[in-house]
1. If you compute Cα extents along the principal axes in Å for the structure shown, which of (i) 56, 45, 26; (ii) 86, 51, 22; (iii) 59, 26, 26 do you land on?
2. When the chain is treated as a GNM, springs tying every alpha-carbon pair under 10 Å, which of Asn110, Asn118, Asn35 comes out with the largest mean-square fluctuation?
3. If the only charges are +1 at each Lys and Arg Cβ and -1 at each Asp and Glu Cβ, what is the size of the charge dipole of segment 1-123 around the Cα centre, to the nearest 20 debye?
4. Tell me, in nm to one decimal, what length is gained between Leu100 and Ala20 on full extension, where the rule is 0.36 nm per residue of separation less the Cα-Cα distance?
5. Could you tally up the Lys pairs in segment 1-82 with alpha carbons closer than 24 Å? Skip any pair fewer than 8 positions apart unless they're on separate chains.
6. Considering the options Gln66, Gly50, Leu91, tell which one lies farthest towards the positive end of the dipole of segment 10-148, charges being +1 on Lys and Arg and -1 on Asp and Glu at the Cβ, about the Cα centre.
7. Can you give the direction-averaged projected area of the convex hull of the alpha-carbon atoms in segment 34-87, in nm²?
Amino acid sequence: MLRGEGVIGVSYRLKFKKDAWADLNVQPDLRVLINQYNDKIKLSPGIKLGAEFDFFLKRFYKERRQRVRANGIFFRGVTALNAYPVSTLSLGWCSEYFRLNNFKRSFMLNLGPALVINHWFDDPKNSPYTESAFRYMPSVIFKVQWHFFQ
């Protein structure tokens, strides 16, 4: 099973205080499954819904570049709604960068362990696709994103 976080999506940020916020995301999803017996490929389009909570512990100001870097932790939950639903839970380190003269754009990096839950795993009609998968699969989240705010 091939999977990824996607290339484009819509995000809405809820700011609780200066160093804590939540991002709610909606993005397209495409599941690609390969049959182990006859190499047939099955595509399952759908949408992915996610929520991420970020809490930043420390901020650094780089005067030479007029840039602020915030380091903290994130908790993320994502579920894909299609014929082969999958959920991902992750927790890890996050870092966000933005310039003081243009704070409505930011660059963010997430890195941490994740748990992938295949909800379709026990369905008998999917047996040729489950040989290379498990119901619970450990994974690593490495996510790079650019935010543009209004």
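Rule-based calculations on the coordinates, nothing more; no lab input. Keep in mind the model is a prediction, meaning the values are calculated, not measured. With ideal geometry, Cβ positions are generated from the backbone for all residues, glycine too; neighbour counts draw on all protein chains shown.
1. Read-out taken from this structure: (iii).
2. Largest GNM mean-square fluctuation: Asn35.
3. With Lys and Arg at +1 and Asp and Glu at -1, about 960 debye.
4. Values: separation 80, 0.36 × 80 = 28.80 nm, distance 1.85 nm.
My answer for the length gained is 26.9 nm.
5. Values: Lys15/Lys48; Lys15/Lys58; Lys15/Lys62; Lys17/Lys58; Lys17/Lys62; Lys18/Lys58; Lys18/Lys62.
Number of lysine pairs found: 7.
6. Projecting each Cα onto the dipole axis, the largest value belongs to Gln66.
7. Over every viewing direction, the Cα hull of segment 34-87 projects on average to 6.7 nm².
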